[in-house]
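Here's the structure, in structure tokens; my notes come after.
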Amino acid sequence: MLIGELAERTGTSERLLRYYERVGLLRSERRPNGYRTYDETACATVRRIRALLAAGLPTRVIRQVLPCTEAEGVVVPCPGVLDALRAQLRALDERSAEIAAARDILQQTITTAETADAVAATAPHATATP
């Protein structure tokens with residue numbers, strides 16, 4: 001299939017498909033006219049790439065994991081893949097903790113500001129006398 005058909009079948013832009021190919025995640029054959037052609041497994045490959053990207057994996061890790069995934073997206077044992085996935089999980093956990101801390105600070109700031117607004121709204125206003 002041509003790149004346009006693959007893009008349509010997977011809901012992925014042609015530009016992204018070219019990028020996936022450039023970084024070694026997707027393979028195509030070239031016709032004499034230079035057009036890219038993909039085999040029928042390309043749709044499943046693109047879906048796996050998209051799922052792994054959505055899980056937060058960078059392309060360098062996906063390049064390691066992709067050859068170790070079956071059509072159903074199940075990861076099979078491959079050297080180094082489990083370590084790469086564990087490292088990514090640790091990184092996600094760290095980012096999650098940082099986001100949770102930032103959220104707590106933001107919530108505390110909002111609560112403090114709302115309390116200050118409520119106090120100011122109920123306080124009697126001093127009026128200046130001429």
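At a glance:
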item	result
Nearest-20 debye value, the chain charge dipole, Cβ charges on Lys, Arg, Asp, Glu	660
Quotient of C-alpha Rg and 2.2 N^0.38 Å, computed over segment 1-51	1.01
For segment 3-118: relative contact order, % (alpha-carbon pairs under 8 angstrom, 6 or more apart)	16
Label point distance in nm, residue 98-residue 119, each placed 7 Å from Cα along Cα→Cβ	3.4
Cα coordinate range in segment 3-118, projected on the principal axes (Å, largest first)	72, 34, 22
Rounded Å value of the spacing that divides the Cα centres of segment 80-126 and segment 31-50	42
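Just so you know, all these numbers are worked out from the coordinates, no wet-lab data involved. Worth saying up front: this structure is predicted, and the values here are computed from it rather than measured. Cβ coordinates were reconstructed from backbone atoms using ideal geometry, including for glycine residues, and neighbour counts include every protein chain displayed.
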